[in-house]
Amino acid sequence: MASPRAVYLDCIAQCMRQILQSSGYNTNAGLAVTLEPTPKLAESDEAFIAVVWSRQARATEPAVTRTSRATTVDIIARVPATLTDARERLDLIVEDIETALAKQEVRFPVGYQYPQYQSAEPLVPPAGAAWIGVQVTVTGFIPIHATT
């Protein structure tokens, strides 16, 4: 049985896999979605999205403190870009991520809170790299223990 964290990450990854130009999105970053915290894809300039949990804490809502944990997830995305279109490409991938998460409550099992947007920050590439990236942080309550 998968852990609650694994279930939550997989649900978010399913949302990210929708990001395809053929589905009306701006990029094809959904072709390469991983749950690995250090994706091998990071060695290239190709588009990818990594969905990783970065923090877990005691739930802050009294109704769920005994049954749930507040879980923070980072959605790290990178897309090819040049010096002349990096700002535009950054805006497009952020829009894709926000759109992919919108109205997707049905993908999350009972007991799992739909991810709540917290923040986004650009990931600036090293000199000479041909990409731009973003880290979008979301949080939600997930069960402490796997349910059967």
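Each reported figure results from applying straightforward, stated rules to the coordinates on display, with no laboratory input. What you are looking at is a predicted structure, and each value in this text was computed from that prediction instead of being measured. Positions of Cβ are backbone-derived with ideal geometry, glycine not excepted, and every protein chain shown enters the neighbour counts.
General remarks:
- Ordering of 70-81, 117-128 by packing [mean C-beta count within 10 Å, highest first]: 70-81, 117-128
- The distance separating the Cα centre of segment 15-81 from that of segment 105-148 comes to 5 Å.
- Note on M1, M16: ascending count of other Cβ atoms within 10 Å places them as M1, M16, the fewest first.
- Mean sequence separation of contacting Cα pairs (under 8 Å, at least six apart), scaled by the length of the chain, corresponds to a relative contact order of 27 percent.
- Cβ-Cβ FRET estimate between T67 and V94, R0 fixed at 35 Å, reported to 0.05: 0.60
- Residue exposure sequence - L31, L9 - by fewest surrounding Cβ within 10 Å: L31, L9
- Using a simple spin-label model with pseudo-atoms 7 Å out from Cα toward Cβ, Q56 and S22 lie 3.6 nm apart.
- Counting only alpha carbon atoms, the long axis of helix 4-16 and the longest principal axis of the chain meet at about 40°.
- Taking amide H as placed 1.01 Å from N in the peptide plane, the amide H of T34 sits under 5 Å from that of I49, A50, V51, each at least 5 places away or on another chain.
- Angle between the chain longest axis and helix 86-101 axis [Cα atoms, degrees, rounded to 10]: 30 degrees
- Shape of the chain, Cα gyration tensor, a/c cut at 1.5: prolate
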